[in-house]
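Here's the structure, in structure tokens; my notes come after.
The values are calculated or read from the model by the stated rules, or taken from the named source; none is laboratory data. What you see is a predicted model, and the numbers here were worked out from it, not measured in a lab. Every residue, glycine as well, gets a Cβ built from its backbone with ideal geometry; the counts of neighbours run over all protein chains shown.
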Amino acid sequence: MSRPDLTAPSDPALAPGEARCPGPSMQDILDADGDNPPAAMRAQAYTFLGDADLHFARYTDPAFHDLEMERLWPGVWQWACREEHIPDPGDRYVYDVGHHSVLVVRGADRQIRAFVNSCPHRGMKFAAEGSRGVRRAHIRCPFHGMSWNLDGSLREIPCRWDFPHVSDENFGLDEVACETWGGFVFIHMGADPPPLAEQLEVMPEHFKLWPMHDRYVALHTEKVLPANWKMAMEAFLEAFHVLETHAQAVYTAADANAQYDIFGKHVSRFIHAVGVPSPHVRQEVSEATLFGKLGRDPSALPEGAKARAEHARLLREELGAAFGTDLSSVSTSELMDSIEYFLFPNAFFFPGIGIRLCYRFRPLGPDECLHEILVLQPLPASGERPPPATPIRLGVEDSYTTVPGFALAEILDQDTENLKLQRDGAKASRKGAQTLGNYQEARIRRLHLTLDEYLAR
């Protein structure tokens, strides 16, 4: 059987955005699995969003970065930490994005609150970025010792006699909005923010079968990347780059067959099949060969069995034993595929079992950002929650392969090694803009359309 020519132009009779890769769609692949994936994975939502070029100044111009600092980050819900980072009264977590800093605390009443991380006296930060796991009975400034209760009310001012102009009512901490979903703590620094649910859009409904609060942080990495936060993030919004950047994966990754969904202004998704050869592979791939590419012994594939189905069966046993939980009802797609939801502005959630991650990207400046990865394991059958993993900090030149037990290290190194060249190439460009694909890169376009709405406020 001949393989499709993926270099041929699309049918000119198709409207913009209607063209799809020849070969089985993601929905066809799910049909072939025959094991009833969650209904959310059957949803399809794509709308053509235009094909105009995107100017590189959005990534390279310091003035654009400053505008984001002024209008985007103070005016949008963003994931600050996990609830398990602050399990007990007095626990705190510092979340920084650019020059903005928020102190998240668990109160004596066990309520989670968030405050601007700046002392009303002389502006001192109460704690530095990355501060976590430090339990205090109150919030105390390390400069002059003024202190506040965990609900933000004033507790004590040393030499109070020198502050007759200060009252308890006008000297409380500057509180910011705080809500939780799926075990994540979200903050919003703006005045009168909308409910978090509005920004989450379809995610609460879709994630009913993937309860993220029933997971724990088994691994946490923080890596400095040499590129604007949007440029670094956008490689994770598409699978188009797999062919060239992750060439070793083409036998097991149906890159061009991936499904892209845009559910609203804030939420998008792709489903990228694993255990299905890329349509770019010109020769036929036997099931035994595919089984070997999945890291299995080709000779161990039962006669007549499909590599994808057998690999999934083995994963149910192996991961179920490793996690101490029953995975017998988990579909093949959930065990193997890259199922990735993006929540504007900077967060990614993978609800599957085989790929069980969440990401976020935070700007450190116009040309640098921090990429955090959390591996979220299902809670063991006992329900006992292990403490969250201590973050492992990596510099620009550090490899993910230095992180013990990180299965995706090679893939992530390949992704991040592109960034300096991409950043410098954008600055060198005389064209001054990038041209996106209508379907495979639609999530990138949606990101920028939504960003523009926030910057225009």
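Report, by residue number, each residue of segment 180-208 that is more than 18 Å from the chain's Cα centre (by Cα), surrounded by 13 or more Cβ atoms within 10 Å (Cβ to Cβ) and of a type in the set (A, V, I, L, M, F, W, C). The one that is more than 18 Å from the chain's Cα centre (by Cα), surrounded by 13 or more Cβ atoms within 10 Å (Cβ to Cβ) and of a type in the set (A, V, I, L, M, F, W, C): MET189.
Only one entry in GLY352, GLY324 is at positive phi and assigned by TED's automatic domain parsing to the domain that holds LYS265, namely GLY324.
Of the candidates ALA232, ALA254, ALA177, ALA227, the single residue that is within 30 Å of LEU421 (Cα to Cα), surrounded by 14 or more Cβ atoms within 10 Å (Cβ to Cβ), more than 18 Å from the chain's Cα centre (by Cα) and not polar (S, T, N, Q) is ALA254. Could you list all residues from segment 300-344 that are of a type in the set (Val, Ile, Thr) and at pLDDT below 95? Selection gives THR325, VAL330. Checked against the criterion of being touching a Phe, Trp or Tyr at 6+ places or on another chain (Cβ under 6 Å) and among the hydrophobic types (A, V, I, L, M, F, W, C), the candidates ALA52, ALA80, ALA63, ALA108 yield just one match: ALA80. Within segment 149-191, the set of residues being in contact (Cβ under 8 Å) with a residue 40 or more places away in the chain, of a type in the set (Asp, Glu) and not in a loop (DSSP other than H, G, I, E, B) comprises GLU175, GLU179. Entry remark, segment 7-47: residues being in a loop (DSSP other than H, G, I, E, B) and more than 19 Å from VAL274 (Cβ to Cβ) number 20 in total. Checking each residue in segment 313-368 for being part of a helix (DSSP H, G or I) and of a type in the set (D, E, K, R) picks out ARG313, ARG316, GLU317, GLU318, GLU334. Residues that are buried (at least 22 other Cβ atoms within 10 Å of the Cβ) and modelled with pLDDT of 95 or more: does segment 281-288 have at least one? No - not one qualifying residue is present in segment 281-288.
Select from segment 247-294 the residues that are hydroxyl-bearing (Ser, Thr, Tyr) and assigned to a loop (DSSP other than H, G, I, E, B) and list them in ascending order.
TYR251, THR252, SER278, SER286
Taken as a whole, the structure places TYR93 among residues that are in contact with a helix residue (DSSP H, G or I) (Cβ under 7 Å, 6 or more places away or on another chain) and either among the polar types (S, T, N, Q) or not assigned by TED's automatic domain parsing to the domain that holds ALA273 (or both).
Scanning segment 401-442 for residues that are surrounded by 19 or more Cβ atoms within 10 Å (Cβ to Cβ), part of a helix (DSSP H, G or I) and in contact with a Phe, Trp or Tyr (Cβ under 6 Å, 6 or more places away or on another chain) yields LEU412, ALA426, ALA442.
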